[in-house]
Each structure stands twice: as C-alpha cells, then as structure tokens.
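Only one structure is covered here, and it is reproduced in the block below.
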Amino acid sequence: DVSQLLIHMRDRCSVGDANAAIDVLLHVLQDGHFSTHQQMLPHFLEEMNTCLFNVVANEKEQEQTNNTVHCHKLSDIAFRLGKTQVQGPTVHDILASVAFLARNRADQFTPAILSSMVWGFACLSVQDGGLMSLAAAEIVNKINGFDHRQLSSTAWAFAKCGLWNNELASCIAAECKEQIVHFSPASLSNIAWAMAQWGVKEQDLMEAIAQEAINKRDVFDPASLAMTAWAYAMLQVRLDPVMQFISEESIKRMSFFKKQDLAHLAWAFASLKVQDSVALELLTEEVKKNMKGTQPPELANMAWAFSKMSTANDEIMQMLADEAAPLIGRFKTTEITMVTWAYGVSGRSHCALMSEIGDKVSQRLEKFSAAQIAHVAWGFGALNM
C-alpha cells in the first residue's frame, strides 16, 4: 500500500535512518512500481529531500562523514531518478545533497558506483563540477575495474555534460580497446558517440569499434546504427566497411527508424558522401512518411543533409519547408543558419519559410554570431531574395 510506504519512509527519516528511507524511495522508483506510485511520488521526493538535507547539515556541522548513508545508496538514487526522468526543483535539491555526500565518500567509489552516479546526473542534465571532477580522477585510477557497460555509460555521461579532459578520454579509449569484443551494439554506439562529442579522434579505437560493429551487425538496432553513423561523420573518420554495413543494415530496418534516427542517418550519409542509392532512396521515402511532428533539430539536420544529396528533390524540400516554417521561432540560431544555407545551396526558394527566417533573424540578430549572419546572408543572396 502506497500510503503505508510513505508512513514507513517518514518514520525512518524521523529517526535518522537515511539508508532505510532511501530503500523506500528506490522501491517506488523501480520499473514495476513507478507507474502505480507516480501520483504520490512528489510526497516521497519531499521526504527524501528533507532527510538528505538533514544528513548534509549534520555532516557540515560535525565536519566529518557518518554512516547514515552508504555511497552505493547515493549512486542508486541518482541512477533511478535518471532512469525515470523525474524532473523538478525537489529532484535538483536531492541531487545537490547526493553530490555533497558523495564527494565526502570518494574512498567508497567503485566502478559500478561511479558509472551509475554520473549516468544519473547526466540523464537529468544536472552538473555538479566538484563531483564530476572527483569522479573523473577516480575513474582514471580505477579504469581497469570497469566493464564494457560501465565504460560506455560513463563516457556517455561525461560527453552529455560536455565535460572531459585528455587523461580521462585517453584512459577510457585505451580500456575500451582492451574490452571491445565484449561490447554490445548499444555500448559500441555510445562510446563512438562520446568520442564524437568530445572531438577525440582515436583512430585505433574507431577502427576497433568498426570491426566489432561489423561482427555484430545482425543485432544492431536502428538507434545504434544511426548513432554510430553520426559519430563517424562527426569525427570525419571515413571507414568504408563500416558505412557499407550501416547502409546495408539500414535498408533492412529503415521502417523502424524514429525521426531522430532518420535525421542522424541522413546527416551522416550526406557528411560522408555515402553513395548507396538504394539506402538513400529508402531513407528519403521514410523521411517523407514520417515528416509530421518532426522537431527543429531534426528538421535542420534533414534540410542540410538533403540539400547535399542526389536524392534531394522539390517535393522533400517543400515538405521540410512546410513543416519548418511554423516552428522557426523555436529553432536555435545554429539551426536557422543550417536551414537557410541548405535552401541557398539547393537553389529552392520557399517564400513562406524564408520570410519566417527573415523575421526571426531580424528579431534575434544579437544572438547570431558573425559567421552565422554571413551564412544566412549568403543563403538569401544565393536565392536572390
């Protein structure tokens, strides 16, 4: 009974038994219980926030850690909150307490604790510089104890937060090469994505990822195919065998690609100049079928990609323009620049879209960089508009 659970949690908090209180919250956040308890979740979160706040206050006052909270429990909180994607000020307060308490328990960090904790923070886009710096140092020291899932999720987390350093990237890359045969398609795509986000072109690692991906081609899902293609394109690492395998497997699974996957695949194919006509035609048709509801980042990537593809035609560029025009107010400056450049390159002037772009650029001019303004101006000029 959810009411009894909440009463039990309050009792544990009132007597300072934070570990037991955390166990209740973890039970509520479990996959099988989350939907059932979701309505009461704010009450559990408030209790957890108060409980951890008191533990933090006590440790600050005594200037030493105590045994009321175990480090693996803190990691479990971050992981579960990240997995359920619960957001809000109370969650941020809980994670602030988790970060403070975890920083004082670095001696308890294990690979499992480190990977779960940074993954949870990254999933919720919460950055704690002190915790992440400490975690990075501990990861370097304990890298030999990480398995392939922990390596890929840790790399993904730091890349998602935009945090890294050469030592961290190098040691993760080296350990990944050692364990590459154990990587699943999801792990392979995650580590490739992280390297691309960091802009770290570890050629040996990318070649190892390519070979292992080819070996496991039959079990690659659409999201992993698209993410892997995007990573190689982002790093401008052209390995024909891996792009050929991605093209061939994408042909088999194209109808299962989500909008974001289609946008990533289109951008990668255009960037690396993939010439597989069958894959490009199928990709184009799938984008047309799934155009409605496409969001600004995907629309910008697709417009840029199709402006460079041989399969670009008036129909798909018109469909992209019709979908993008009402949403231009939600486009970032980089996305507006990409779209304007794309239509300038394609030589297709869609008046409604370009009019919306012109209005929004003039209203937000101070937010555009000089280079972006130059590209936008070039796009309008190329269309004689």
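Descriptive notes on the structure:
- Estimated FRET transfer efficiency when R0 is 51 angstrom, pair K177-D23 (beta carbons, to 0.05): 0.85
- Take the Cβ atoms of N165 and T110, set R0 to 25 Å, and the FRET efficiency comes out at 0.70.
- With Cα atoms, 0 to 90° folded angle of helix 71-84 axis to the chain main axis: 40
- Remark: relative contact order (the chain) = 9 percent; criterion is Cα-Cα distance under 8 angstrom and separation of 6 or more residues.
- The stretch 154-225: radius of gyration and largest Cα-Cα distance (Dmax), Å: 11.6, 35
- To put it simply, the accessible area of the stretch 174-225 at a 1.4 Å probe is 46 percent carbon and sulfur.
- The gain in end-to-end length when the N144 to N215 segment is fully stretched comes to 23.1 nm, 0.36 nm per residue minus the alpha carbon separation.
- Cα long-axis angle, helix 2-14 against the chain (0 to 90 degrees, to the nearest 10): 60
- Normalising the average separation of contacting C-alpha pairs (under 8 angstrom, six or more residues apart) by the number of residues puts the relative contact order of the stretch 317-385 at 46 percent.
- Efficiency of FRET between I373 and R330 - r from beta-carbon atoms, R0 22 angstrom, step 0.05: 0.65
- The HN-Hα couplings worked out from phi for the stretch 252-262 by the Karplus form 6.51 cos²θ - 1.76 cosθ + 1.60 (θ = phi - 60°) are 5, 10, 3, 5, 9, 6, 7, 4, 5, 5, 4 Hz, whole numbers, x standing for Gly and Pro.
- Å² of accessible area per residue within the chain, as computed with a 1.4 Å probe and no ligands counted: 44
- Note on C351: accessible area approximately 90 square angstrom, rounded to 10, probe 1.4 Å, nucleic acids and ligands left out.
- Taken along the Cα-to-beta-carbon direction at a fixed 7 Å, the label points for Q38 and F53 span 2.7 nm.
- Spin-label proximity, S3 to the stretch 38-52 - amide N less than 20 Å from point 7 Å beyond Cα toward beta carbon: 38-47
- Cα-based helix-to-principal-axis angle, 333-346 vs the chain, degrees rounded to 10: 20
The values are calculated or read from the model by the stated rules, or taken from the named source; none is laboratory data. In this text, all values refer to a predicted model and were calculated from it rather than measured experimentally. Ideal geometry is used to build each Cβ from the backbone, glycine not excepted, and the neighbour counts take in all protein chains shown. These accessible areas exclude ligands, DNA and RNA; they are computed on the full protein's heavy atoms, side chains included. Shrake-Rupley method; radii C 1.70, N 1.55, O 1.52, S 1.80 Å.
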